[in-house]
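The values are calculated or read from the model by the stated rules, or taken from the named source; none is laboratory data. Just so it is clear, the model here is predicted, and its values are computed rather than measured. No Cβ is skipped: glycine too gets one built from the backbone with ideal geometry, and neighbour counts run over all protein chains shown. To get the accessible areas, we keep the full protein, side chains included, count just its heavy atoms, and leave off ligands, DNA and RNA. Shrake-Rupley method; radii C 1.70, N 1.55, O 1.52, S 1.80 Å.
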Amino acid sequence: MPEAVLTQSLHDHASPRQQHHFDTMAQQKEAATLGMWVFLVTEIMFFGGLFMAYIVYRTAYPEAWMASSHELNVYMGGGNTVVLICSSLTMALAVRGAQTGLRRATVVWLMLTMLLGLVFLVIKYFEYAEKFTHHHVPGANFHFPGPHAGQVQIYFSLYFLMTGLHATHMLIGFGLLSVIAWMAHKGRFSPEWYTPVEMSGLYWHFVDIVWIFLFPLLYLVDRAHTPVG
């Protein structure tokens with residue numbers, strides 16, 4: 001059949017990176033991109049539920065939310081925001097390096113991205129340690145003065161759940177970039193095939209964007225108000 005012969009001919013001249021069930025590299029990249037975006041949509045729905053829960057409780061307990069927000073370290077949160085914005089830049093430069101076939105540049109930018117991710121996690125560790133010191137971790141040892149202690153505990157439950165889940169995604173991204181950096185070091189990518197770097201970049205940018213929403217919501221929105229009680 002002519003169509004079968006044409007398909008076979010296309011596969012005979014295909015890149016070694018092309019999987020057998022795709023006709024062209026462009027089709028393979030489109031499938032990978034679609035798959036990543038579908039995955040990110042599920043992640044948006046997952047985080048969206050937590051954001052909605054936060055907003056509902058904030059509407060119900062505004063005084064407790066004001067008091068709780070003032071207990072967060074805005075300098076650590078702001079520093080982490082700067083760190084992640086810088087990591088988005090280095091990730092974009094890593095993708096650009098892969099697109100242009102600059103192997104060394106790709107590896108360097110990926111390593112810098114991972115380093116910035118590690119800085120974020122270290123800062124978050126110290127921030128969490130501060131909460132343990134002040135007994136702001138929900139549970140038997142939780143303590144908060146004033147009439148809104150129970151509601152404040154709900155706030156910190158959501159705080160640890162949302163930021164902890166975000167930190168978990170950072171750890172996953174760190175592991176993912178470690179593999180991608182190793183592949184880049186081995187010369188696996190070229191201007192013809194750099195899809196794994198680009199898809200990893202999409203994931204990393206998503207994690208950064210989640211924090212861009214978390215930071216003002218948790219740290220800034222209620223700081224302009226004076227806590228009651």
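Figures for the structure shown
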{"read-out": "Scan of the range 71-85 for residues that are open to solvent by 60 Å² or more (accessible area, probe 1.4 Å) and not aromatic (Phe, Trp, Tyr), ordered by number", "value": "Glu71, Val82, Ile85"}
{"read-out": "Qualifying residues in the range 115-152 (those that are open to solvent by 60 Å² or more (accessible area, probe 1.4 Å) and assigned to a helix (DSSP H, G or I)) - the one farthest from Tyr61 (Cα to Cα)", "value": "Leu115"}
{"read-out": "Residue tally, condition aliphatic (A, V, I, L, M), without any contact (Cβ under 8 Å) to a residue 40 or more places away in the chain and buried (at least 17 other Cβ atoms within 10 Å of the Cβ), over the range 105-114", "value": "2"}
{"read-out": "The listed residue being out of contact with any Phe, Trp or Tyr (no Cβ under 6 Å at 6 or more places or on another chain), open to solvent by 50 Å² or more (accessible area, probe 1.4 Å) and of a type in the set (D, E, K, R), out of Glu198, Glu192", "value": "Glu192"}
{"read-out": "Among (1) without any contact (Cβ under 8 Å) to a residue 60 or more places away in the chain; (2) open to solvent by less than 10 Å² (accessible area, probe 1.4 Å); (3) under 29 Å from Pro62 (Cβ atoms) - the single one Gly164 does not satisfy", "value": "(2)"}
{"read-out": "Scope the range 109-135; condition under 20 Å from the mean Cα position of the chain (by Cα) and of a type in the set (A, V, I, L, M); matching residues", "value": "Leu110, Met111, Leu112, Met114, Leu115, Leu116, Leu118, Val119, Leu121, Val122, Ile123"}
